[in-house]
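The structure under discussion appears below in the form of structure tokens.
The values are calculated or read from the model by the stated rules, or taken from the named source; none is laboratory data. Since the structure is predicted, the reported quantities are computational estimates derived from the model, not experimental observations. We place every Cβ from the backbone using ideal geometry, glycine too, and count neighbours over all the protein chains shown. For the accessible areas, the whole protein counts, side chains as well, though only heavy atoms, and no ligand, DNA or RNA atoms are used. Shrake-Rupley method; radii C 1.70, N 1.55, O 1.52, S 1.80 Å.
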Amino acid sequence: MILQIIKFGIVGVIAAIVDVGVLVILKELLFVDVLLSSMISFCVSVIVNYLLSMTFVFKSKNQGKIKEFIIFVILSIGGLCLNQFILWIGIRFTTVYYLIVKIFAMVIVPIYNFITRKIFLEAKEK
């Protein structure tokens, strides 16, 4: 379990770099609204996260890649909602810089992600 959490953390860091990178490019270079930028960047990072997570972190239930990806996406939508809620609260009701709020969300959302993926995507050991 410890090794799995470490792998999950490494995959999470890679996905976080993708997430923040796309967010900054959209927000700062292309002047896209921060909430829309965050949603797009989160979606891109979900695809990266799926590919890495199901290759290196979790043992698939062998339920078919399409079904597995759909479940992964559904679980990620919960993470997206949590991410967006934290970002919205942070930028709407505080003066904290949006990237600091994003970092806070990136601490909370992975806890949700690990628990839900462990429950719904990983094969149970016999």
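Among residues belonging to the range 62-116 that are among the charged types (D, E, K, R) and modelled with pLDDT of 90 or more, point out the one that is farthest from the chain's Cα centre (by Cα).
This residue is 92.
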If I filter the range 76-126 down to residues being in a loop (DSSP other than H, G, I, E, B) and among the hydrophobic types (A, V, I, L, M, F, W, C), which single residue comes out as least open to solvent (accessible area, probe 1.4 Å)? 121
Yes or no: residue 55 outside any helix (DSSP H, G or I), open to solvent by 60 Å² or more (accessible area, probe 1.4 Å) and at pLDDT 90 or above? no
Restricting attention to the range 1-39, and to residues there that are closer than 19 Å to residue 91 by Cα and not in a helix (DSSP H, G or I), which single residue is farthest from the chain's Cα centre (by Cα)? 31
When the range 86-123 is checked residue by residue, the ones that are over 19 Å from residue 6 (Cα atoms) and either among the charged types (D, E, K, R) or in contact (Cβ under 8 Å) with a residue 60 or more places away in the chain (or both) are 92, 98, 99, 102
In the range 1-22, the residues that are buried (at least 17 other Cβ atoms within 10 Å of the Cβ) and closer than 9 Å to residue 45 by Cβ: 15, 16, 18, 19, 20, 22
What are the residues in the range 27-39 that are free of Cβ contacts under 8 Å to residues at least 60 places away in the same chain, touching a helix residue (DSSP H, G or I) at 6+ places or on another chain (Cβ under 6 Å) and surrounded by fewer than 20 Cβ atoms within 10 Å (Cβ to Cβ), if any? 32
